[in-house]
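Following: one structure in structure tokens, then a few remarks.
The values are calculated or read from the model by the stated rules, or taken from the named source; none is laboratory data. Please read these numbers as outputs of a predicted model, since none were measured by experiment. Every residue, glycine among them, receives a Cβ derived from its backbone with ideal geometry; neighbour counts consider all protein chains shown. Just so you know, the surface numbers come from the protein's heavy atoms only, side chains and all, with ligands and any DNA or RNA stripped out. Shrake-Rupley method; radii C 1.70, N 1.55, O 1.52, S 1.80 Å.
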Amino acid sequence: MSESLKPTKGEGASLERTFRVRAYECDPYDHVNHANYLRYMQEAAFDASAAVGYGVARYEELGHHWLIRETDITYLRPLVYGDTVIVKTWVGDFRRVRSRRMYELRLASSGDTIATASTEWVYLNTETLRPATIPPEMVAAFRHPDLAVGERHDLPVERHNPDAPVRRVDDGVPRHCGVLAPSLDPRDPVAEA
């Protein structure tokens, strides 16, 4: 992974990180395995959090941490060995114990969007592993300046090249990947948040 942190201007706590696709991240067809998109996103999210003062040590001091509850990725075209991808991430919204982080993955050579994604994170007490209320000072550190409480700041309009190949399943529908379906159990404290 080639690492290049670049906080973007005018968008609050957004951050860009660059990764070079390595051979071991690819399948036999030289396409990046989908699990690696999640790794790129998670590393960018950790760096974005640290950039606003909430790194691993800070969370340990607070006795809290974040856990991924749900991830949704829309793959627009595959990454292949040798590509360089830019992962941009920002917080889309906050609720009492949850936050949604948004991602845009772009090919460095062309700027084409290759995937868009969102991840729902739950703020947990490390000792009890129960959801905890997100402190207002943390919300302020991550807040997009144009985002009022309760509003969402979703993905930008896609800038991908319409002529670029789109990875499709046999039925011709663009590939979407939902990870860890939300709980329908009414006793689940996260489902009630």
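Quick grid of which residues meet (1) touching a residue at least 60 places away in the same chain (Cβ under 8 Å); (2) not in a loop (DSSP other than H, G, I, E, B):
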| position | (1), (2) |
| --- | --- |
| Tyr40 | yes, yes |
| Phe46 | no, yes |
| Ala50 | no, yes |
| Val85 | yes, yes |
| Tyr103 | yes, yes |
| Ser109 | no, no |
| Ser118 | no, yes |
| Tyr123 | no, yes |
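Considering only residues that are open to solvent by less than 50 Å² (accessible area, probe 1.4 Å) and assigned to a helix (DSSP H, G or I), which ones fall in the range 16-33? Within the range 16-33, just Glu25 meets the criteria.
Residues in the range 131-141 that are β-branched (Val, Ile, Thr) and open to solvent by less than 70 Å² (accessible area, probe 1.4 Å) were compared, and the one that is nearest to Arg98 (Cα to Cα) is Ile134.
Has the range 112-130 got at least one residue that is surrounded by fewer than 18 Cβ atoms within 10 Å (Cβ to Cβ) and small (Gly, Ala, Ser)? No, there is no match, as no residue in the range 112-130 is surrounded by fewer than 18 Cβ atoms within 10 Å (Cβ to Cβ) and small (Gly, Ala, Ser). Checking the stated criteria, Gly150 turns out not to satisfy the condition of being at pLDDT below 95, of a type in the set (Gly, Ala, Ser) and open to solvent by less than 20 Å² (accessible area, probe 1.4 Å). Given the structure, is Glu60 at pLDDT 95 or above and part of a helix (DSSP H, G or I)? Judged against the criteria, Glu60 is a match.
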